[in-house]
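The values are calculated or read from the model by the stated rules, or taken from the named source; none is laboratory data. Predicted model only: the values in this text are computed from it and were never measured. Reconstructed Cβ throughout: ideal geometry from the backbone, glycine too, with neighbour counts over all protein chains shown.
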């Protein structure tokens, strides 16, 4: 009689790190590779400072 094949685990890639900012119901995600200058620009744009 044949043995059942062993179960394989599935590895799910999940994003790690990064920054998520919510202001007045608007959610913006900035990736882990973003420079501090880019993050500052995103925050400034959300605040209306551009």
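If the condition is being exposed (fewer than 11 other Cβ atoms within 10 Å of the Cβ), assigned to a loop (DSSP other than H, G, I, E, B) and either modelled with pLDDT of 80 or more or under 10 Å from the mean Cα position of the chain (by Cα) (or both), then the range 3-30 contributes 14, 15, 16, 17, 25.
Please enumerate the residues belonging to the range 31-50 that are surrounded by fewer than 10 Cβ atoms within 10 Å (Cβ to Cβ) and touching a residue at least 12 places away in the same chain (Cβ under 8 Å).
32, 47
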